[in-house]
Every structure is written in C-alpha cells, then in structure tokens.
1. For region 216-260, give me the residue count where each residue is within 17 Å of Gly361 (Cβ to Cβ), in contact with a Lys or Arg (Cβ under 8 Å, 6 or more places away or on another chain) and of a type outside the set (Asp, Glu).
2. Which one of these is within 26 Å of Ile122 (Cβ to Cβ) and either surrounded by fewer than 24 Cβ atoms within 10 Å (Cβ to Cβ) or not aromatic (Phe, Trp, Tyr) (or both): Ala320, Ala331?
3. Can you give me the number of residues within region 300-319 that are closer than 19 Å to Val250 by Cβ, at pLDDT 95 or above and small (Gly, Ala, Ser)?
4. If you check Ser35, Ser30, which single one turns out to be under 24 Å from the mean Cα position of the chain (by Cα), within 28 Å of Tyr168 (Cβ to Cβ), in a helix (DSSP H, G or I) and at pLDDT below 95?
5. Looking at region 180-267, what strands (runs of 3 or more DSSP E) fall wholly within it and have at least 3 residues that are in contact with a strand residue (DSSP E or B) (Cβ under 9 Å, 6 or more places away or on another chain), crowded, with 20+ Cβ neighbours inside 10 Å and aliphatic (A, V, I, L, M)?
6. Checking Arg302 against (1) under 23 Å from Glu63 (Cα atoms); (2) touching a Lys or Arg at 6+ places or on another chain (Cβ under 6 Å); (3) surrounded by fewer than 19 Cβ atoms within 10 Å (Cβ to Cβ), which test does it fail?
7. Consider only pairs whose beta carbons are under 7 Å apart and that are at least six residues apart or on different chains; among these, list those whose first residue lies in region 112-136 and is hydroxyl-bearing (Ser, Thr, Tyr) and whose second residue is in a helix (DSSP H, G or I) and surrounded by fewer than 23 Cβ atoms within 10 Å (Cβ to Cβ).
8. Go through Arg91, Arg78, Arg95 for me and flag whichever is under 21 Å from Val316 (Cα atoms) and either of a type in the set (Ser, Thr, Tyr) or surrounded by fewer than 20 Cβ atoms within 10 Å (Cβ to Cβ) (or both).
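The values are calculated or read from the model by the stated rules, or taken from the named source; none is laboratory data. Because the structure is predicted, anything quoted here is derived from the model rather than measured. Neighbour counts are summed over all protein chains in view; Cβ atoms, including those assigned to glycine, are modelled from backbone coordinates with ideal geometry.
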Amino acid sequence: MSTRREFIKQASVIAGAGTAFMGLGLSPLSALAASEGRWYMPDEGDKHEQAFIAFGAQDAIWEDFTPDVQAALGRIARAIAGFEPVTVFCRESERDLAEEHCGTANVTYVVTELDDIWMRDIGATFVVDGKGELGAVDFNFNGWGNKQRHSKDAKVVGLVARREEARYQRSELVGEGGGIEVDGHGTGIMTESSWINANRNPDWSKAEVEEELKFRLGLRKIIWLPGIKGKDITDAHVDFYARFVKPGVVIANLDSDPESYDNQVTHAHLEILKNATDADGRKLEVHTVSPPLKPRQSKFNRDNPDFAAGYINYFVINGAIIAPEFGDKAADRKAFDLLSQLYPDREVVQLNIDAIAAGGGGIHCVTSHQPLV
C-alpha cells in the first residue's frame, strides 16, 4: 500500500490531475483533500469547546522545582476555568493534588500516565471539516528528537481523540503542536529548525514536509522562519517567535538583548514577516514585543540559560488572553497594553509562571484546546 509520503513524492507526476484546481491556488494534494471534504485547523481565537492541561510534573525531570511547577499549572488552570471548561490530565497518585491546585469549578479530571507537562506538544492537533466533524491529528511526538523520555506522553493524543470522539488522523511527520501557528484561513507560520530537522524527520525534504503540513492542516501557504537548532529543547518552536492575532496580523518576538542568542534570529524573523504575504496575498501587519530585560530574580532564573522569559507564549481562550508576567513592571505593562490593543474584546490575565519558564516553556506550551464544532 502506498504511504502518504510516497504519494507526496509522486505529486509532480500527477500534477496534470490537479489542473482544474489551479485557479483556486490548490496543489494536487490540496485538491484531493478538498474533493474528499477538506480538513483544516481553525484559528486559536475561534470559539473553544474546552482547554486541556497535563498535570504531569515529576521530580525526575523538575527536581526541586516540581511543587512550584504544579502550583503554576494550577494558577493557569484556574484562570482558564473562569472563561471556559478545562480538562486536566493527571496521574492516579496525584489526582487529589491536581484538584487542590487546579480547583473543581469548570474543571474535569482524567487519570492517565504522563511523563511531563507540555500539553501543546503531546495533545491532539484538532482539525475540522466544515460539516461538524472533529479530527485529531497525531504528529508522533518523540520527545523533541529523543531529548527526553516520552513513551507515556506519546499516547496522550490517542486518549484525547477517543474521549472527544474525534477522527484520529496519524501523520507520518514527527513534530509538535508548539511548532504550528495558523490563521485558520489557509496560512501557517513554522520554523525550519523544528520541522526540517534530522532528529524528527530524517530524509524528508522541505517540500515534502511542507506538503504534508498543508495536507493535514488545510493550509495553502506556509511562511517559513529559520528558527535556531539546539539552543532549546524544542529547536525553536514558532509559538515563542510569531503568532497570528487574526488573518493578516502577526505579533512577533523581538529580542533586544545583544547578548541573547535570540537577538539575531528574531531580527531575521521580523524581516521575513514584514516582507511576507499570506495565502490570500495580503501583506502582513506585524507588531513586536520584547522579552523583559529585568525579570524578577529568583531560584528559577538564577544562572539558568533555559529560562524562557517571553511574552509571546500566551494562550487565546474564550473571552480572554492568559499571558505571563515576569516582574519587570515596565515590560510587563508594555506587553499587557499591546495584547489589550490587539485583542480588544478579550480580558488580558497575566500570571507568574516563572517555574514553568525555568524549564524553557510558557503558558501556550502547557495548554491546548479543542475548537467548538
């Protein structure tokens, strides 16, 4: 039986079969998807059915920070639950502890085995077909290129798909939800460093990766940012660099610290985004936000090069933006004001998530969501 990837390699041979769709700007594979009932990934800002969190911190990974990470997850869960339902995945041995931190109001608990907390990467990437059907794409989580234990977390997407009665769709690509940013109207932003990487997809060309992502997510165009390999465990997920506010509008991380490894790469990203157009030919309107230069000093960021003090890793939910604050009053306020301006119909809620940032992640990383169909 031919695999999806073999079909991608043969796409040029069957290009003639897609001629009728070329006026729509569709490739043969996209044309095939359209003819079968097109699946697409909605914008995060569209209405949610619910949000998900993995209460999975453990001492073997987080050491002395474990209780602090659990407390931060609880703050996030409670903040989200004020606006939409939250499902918390937790180990049986920590069921009561999870409830103590995350609360019971508007929160449901599911007992399962977990390795860690990064729900965005281990959960389902939901797609919809426009007919009221929900799909759950599995991108074969492998611990960001086998950098961390992941055998339990790799099963979470299947559990989520079964619980939500979503059509399970397994890609041949290896990747993570934090590496995906879409506008819900056919445009995606991705980093080459996390997708076109031998630790995930050896022997895949950029064209093959792009076509598979387009097929699975209903995209017509991907704006590729270079990212940077090996500096963080994710190899530079896009959700720390660029996010769609809405179609045609992007917020980008711009690191102003000349000593930071992100300084040059974020400036390069900004130039690409400022000169890019989306799938409908619109030039992007780009806003920038910079990390805090003077975050509060604590055990979490003291001599910790992995501390991820980025404002861009926020979570868009029904009626609100759940965003981080880092104790730099001027920078925190600037981020708050920009998010309030860009999302005028949502309340901006800022939380202290320093313990999670100590592990190189943020609020978007530890959450995921199910679109309302």
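1. Adding up the residues that qualify gives 2.
2. Numbers: Ala331 fails: within 26 Å of Ile122 (Cβ to Cβ).
Step by step, each of Ala320, Ala331 is checked, and only Ala320 is within 26 Å of Ile122 (Cβ to Cβ) and either surrounded by fewer than 24 Cβ atoms within 10 Å (Cβ to Cβ) or not aromatic (Phe, Trp, Tyr) (or both).
3. First, pick out the residues of region 300-319 that are closer than 19 Å to Val250 by Cβ: 310-316.
With at pLDDT 95 or above added as a condition, the list becomes 311-316.
Now narrow it down to the ones that are small (Gly, Ala, Ser): none.
Residues in region 300-319 being closer than 19 Å to Val250 by Cβ, at pLDDT 95 or above and small (Gly, Ala, Ser): 0 in total.
4. Numbers: Ser35 fails: under 24 Å from the mean Cα position of the chain (by Cα).
None of the other options fit; the residue is Ser30.
5. Values: elements: 187-191, 221-225, 242-246, 249-253.
Correct list: 221-225, 249-253.
6. It is condition (2) that Arg302 fails.
7. Listed pairs, sorted by first residue: Thr112/Leu159.
8. Working: Arg91 fails: under 21 Å from Val316 (Cα atoms); Arg95 fails: under 21 Å from Val316 (Cα atoms).
Being under 21 Å from Val316 (Cα atoms) and either of a type in the set (Ser, Thr, Tyr) or surrounded by fewer than 20 Cβ atoms within 10 Å (Cβ to Cβ) (or both) holds for just one of Arg91, Arg78, Arg95, which is Arg78.
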